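See below for the structure under consideration.
The values are calculated or read from the model by the stated rules, or taken from the named source; none is laboratory data. It should be emphasised that the depicted structure is a prediction, and the values quoted were computed from it without experimental measurement. Ideal geometry is used to build each Cβ from the backbone, glycine not excepted, and the neighbour counts take in all protein chains shown.
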Amino acid sequence: MNPSAQPPICNYEGSNYQQVFWESGERQYEDQVEAIAIRRLLNQPGEYLLEIGAGAGRNTPRYRTYQRIVLLDYSISQLEQAQARLGQHQRYLYVAGDAYHLPFVAGLFDAATMIRTLHHLAQPQLALQQVRRVLKDGGFFLLEYANKQNLKAILRYWFGRQAWNPFDLAPIEFAELNFDFHPKAIRHWLAENDLQLIRQLTVSHFRLGFLKRTIPLKVLVALDSLAQLTGNWWQLSPSVFALAQAGEMRKSAPVNGFFACPQCEGEQFHELPTHMECLTCGRQWEIRNGIYVFR
């Protein structure tokens, strides 16, 4: 992949997103219903799971059926927060990199997740190509995306309070590097990358301030838990979780190595305490306090 063709990156470096948005932002409802969706969809046993856009590790403990979890995020400071939360445990590996150049060998992972991340990607198809490359044949991919065709957007469009058409298949960038996607487009992108859609859950149906202020949290979560089960029939919620499974491209070819150089795709490294050197192109990649930096 040509590094000069790098798409723009949404960088959370130095951000206190976890504290402001999740811990102090009255997002308990969203957090709990997402936990339900993850538990329903990703409960298969496996060895390696890749969490793309892991941030501060909010969802990481929820992947209980996988032996090792690789947390990948572009922001080093977000991964440092994840380390503080989860510890430098052998179960977790922290990697700074981007979704367009995943620094891993092909066919490594039993599963991958991308939650609250796709909506920051200007070239989602390119990222999905990378997901498929690093997944084993038969591996699972859990994708969450911001739904352009949600009920609120449809009503706003019908009543003339919104210019963009929620039924159009093209993504809408409603703020810089913040995109909503049409469910049909997502399904097409998954299929063209050899990722077969298995199940969909619609999530956060009641993401409205006045509902969260007036209805008890347990009631809202219970109602959303029921509504999620309609996800295979229609997608009208602001958030959709889709579980897909990789096809059979490699015919069970053996996997050698772990990391792959984002610069040249070489798979041989010399690792020292402070950096890794690619033996193919000579590029050195920093290791900073237990975080492998491939950016």
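For first residues located in the stretch 180-202 and acidic (D, E), partners that are surrounded by fewer than 19 Cβ atoms within 10 Å (Cβ to Cβ) and lie 6+ apart or on another chain with Cβ distances below 7 Å form the pairs D180/I172; D180/F174; D194/G247; D194/M249. Restricting to the stretch 60-83, name every residue that is part of a helix (DSSP H, G or I), touching a residue at least 40 places away in the same chain (Cβ under 8 Å) and in contact with a Lys or Arg (Cβ under 8 Å, 6 or more places away or on another chain). Across the stretch 60-83, the qualifying residue is only I76. Of the residues contained in the stretch 105-125, one or more are found to be charged (D, E, K, R) and crowded, with 20+ Cβ neighbours inside 10 Å.
Candidates are the residues of the stretch 216-248 that are outside any helix (DSSP H, G or I) and without any contact (Cβ under 8 Å) to a residue 12 or more places away in the chain; the one that is farthest from N147 (Cα to Cα) is P216. Contact annotation: residue pairs with Cβ atoms under 8 Å, 6 or more positions apart or on different chains, pairing a residue in the stretch 269-282 that is closer than 17 Å to R295 by Cα with a partner that is at pLDDT 95 or above and surrounded by fewer than 12 Cβ atoms within 10 Å (Cβ to Cβ), are M276/H270; E277/H270. Within the stretch 109-128, the only residue that satisfies the criterion of being assigned to a strand (DSSP E or B) and of a type in the set (D, E, K, R) is D110. Looking across the stretch 272-292, just one residue is among the β-branched types (V, I, T) and buried (at least 18 other Cβ atoms within 10 Å of the Cβ), and that is I291. If we scan the stretch 22-37, do we find a residue that is in contact with a Lys or Arg (Cβ under 9 Å, 6 or more places away or on another chain), more than 29 Å from H205 (Cα to Cα) and of a type outside the set (K, R)? No: zero hits. Counting the residues of the stretch 1-55 that are small (G, A, S), surrounded by fewer than 17 Cβ atoms within 10 Å (Cβ to Cβ) and more than 15 Å from the chain's Cα centre (by Cα) gives 6.
Quick one: how many residues across the stretch 12-43 are part of a loop (DSSP other than H, G, I, E, B), out of contact with any strand residue (DSSP E or B) (no Cβ under 6 Å at 6 or more places or on another chain) and within 19 Å of L243 (Cβ to Cβ)? Residues flagged as part of a loop (DSSP other than H, G, I, E, B), out of contact with any strand residue (DSSP E or B) (no Cβ under 6 Å at 6 or more places or on another chain) and within 19 Å of L243 (Cβ to Cβ) within the stretch 12-43 amount to 1. Taking the listed residues L197, L177, the one that is modelled with pLDDT of 95 or more, surrounded by 14 or more Cβ atoms within 10 Å (Cβ to Cβ) and more than 23 Å from C10 (Cβ to Cβ) is L197, with no other qualifying. Are any of the residues in the stretch 84-104 aliphatic (A, V, I, L, M), within 19 Å of D137 (Cβ to Cβ) and buried (at least 22 other Cβ atoms within 10 Å of the Cβ)? Yes, the conditions are met somewhere in the stretch 84-104. Pairing residues of the stretch 45-59 that are assigned to a strand (DSSP E or B) with residues that are aromatic (F, W, Y) and surrounded by fewer than 24 Cβ atoms within 10 Å (Cβ to Cβ), at Cβ distances under 6 Å and at least 6 apart in sequence or on separate chains, gives G46/Y66; L49/Y63; L49/Y66. Here is the figure for the stretch 84-117: residues that are touching a residue at least 40 places away in the same chain (Cβ under 8 Å), over 25 Å from R283 (Cβ atoms) and touching a helix residue (DSSP H, G or I) at 6+ places or on another chain (Cβ under 9 Å) total 5. Just to be sure, is V131 in contact (Cβ under 8 Å) with a residue 12 or more places away in the chain, in a helix (DSSP H, G or I), within 20 Å of G57 (Cα to Cα) and among the aliphatic types (A, V, I, L, M)? Answer is yes for this residue.
Can you tell me which residue is farthest from the chain's Cα centre (by Cα) among those in the stretch 134-169 that are in a helix (DSSP H, G or I) and of a type in the set (F, W, Y)? Filtering the stretch 134-169 for residues that are in a helix (DSSP H, G or I) and of a type in the set (F, W, Y), the one farthest from the chain's Cα centre (by Cα) comes out as W158. For the stretch 56-72, indicate whether the set of residues that are at positive phi, crowded, with 16+ Cβ neighbours inside 10 Å and in contact with a strand residue (DSSP E or B) (Cβ under 7 Å, 6 or more places away or on another chain) is non-empty. Within the stretch 56-72 (the criterion being at positive phi, crowded, with 16+ Cβ neighbours inside 10 Å and in contact with a strand residue (DSSP E or B) (Cβ under 7 Å, 6 or more places away or on another chain)), the answer is yes, since at least one residue qualifies. Against the conditions (1) assigned to a loop (DSSP other than H, G, I, E, B); (2) more than 20 Å from A35 (Cα to Cα), R213 satisfies every one except (1).
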